[in-house]
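Since the structure comes first, as structure tokens, the remarks are kept for the end.
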Amino acid sequence: MLVDTLGLIIGVFAHTANLADATSARMLLTESTWCEPTLGSVWVDLGYRGERLQRVARGCDLELEVVERTEPGFTVLPRRWVVERTLAGLGKYRRLSKDYERLPQMNECFVYQVMTALMLQRLTS
């Protein structure tokens, strides 16, 4: 999932469990920069560091910043809370609380549907 600084979803790529997260991140970055040309920098955690993802980011004119832990134990990582807040908001909806879908693409559709409802709720309140 790729979100902006407000926690609004830019792109979602749901996949089966046999695909590594770094591989799906490369696909998501390539797809998202095509439809969101104003994307400038992307913050990722340590699981997404690697030369392949760096190459994809450079090819898409993105600045990839790896957020590293500074001390052991629990610490709030900068910008990580934005993604976690978005995931928590999506988890309140029954269809997204568990994986009920057979196809990953259906899960993507429900994420977009729920995010549309959340954005409308923010606009009207």
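What follows draws every value from the coordinates through simple rules; no lab data is involved. Fair warning: this is a prediction, and the values are worked out from it, not measured in the lab. Virtual Cβ from ideal backbone geometry, glycine too; neighbours counted across all protein chains shown.
Has the range 66-76 got any residue that is surrounded by 11 or more Cβ atoms within 10 Å (Cβ to Cβ), more than 16 Å from Thr5 (Cα to Cα), among the charged types (D, E, K, R) and touching a Ser or Thr at 6+ places or on another chain (Cβ under 7 Å)? Within the range 66-76 (the criterion being surrounded by 11 or more Cβ atoms within 10 Å (Cβ to Cβ), more than 16 Å from Thr5 (Cα to Cα), among the charged types (D, E, K, R) and touching a Ser or Thr at 6+ places or on another chain (Cβ under 7 Å)), the answer is yes, since at least one residue qualifies. Every condition in (1) over 17 Å from Met1 (Cβ atoms); (2) surrounded by 11 or more Cβ atoms within 10 Å (Cβ to Cβ) holds for Asp99 except the one numbered (1). So, Arg102, is that one free of Cβ contacts under 8 Å to residues at least 24 places away in the same chain, more than 18 Å from Ile10 (Cα to Cα) and part of a helix (DSSP H, G or I) or not? So Arg102 fails the test.
Could you say which residue among Gly89, Gly47, Gly73 is under 19 Å from Gly11 (Cβ atoms), free of Cβ contacts under 8 Å to residues at least 60 places away in the same chain and of a type outside the set (A, V, I, L, M)? Of Gly89, Gly47, Gly73, the one residue that is under 19 Å from Gly11 (Cβ atoms), free of Cβ contacts under 8 Å to residues at least 60 places away in the same chain and of a type outside the set (A, V, I, L, M) is Gly47. Selection within the range 33-55: residues that are surrounded by 12 or more Cβ atoms within 10 Å (Cβ to Cβ) and of a type in the set (Ser, Thr, Tyr). The member of this set that is farthest from Leu120 (Cα to Cα) is Tyr48.
Here is a yes/no grid of residues against (1) buried (at least 18 other Cβ atoms within 10 Å of the Cβ); (2) within 12 Å of the chain's Cα centre (by Cα):
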position	(1), (2)
Asp4	no, yes
Leu8	no, yes
Gly11	yes, yes
Thr16	no, no
Asp21	no, yes
Ala25	yes, yes
Glu31	no, no
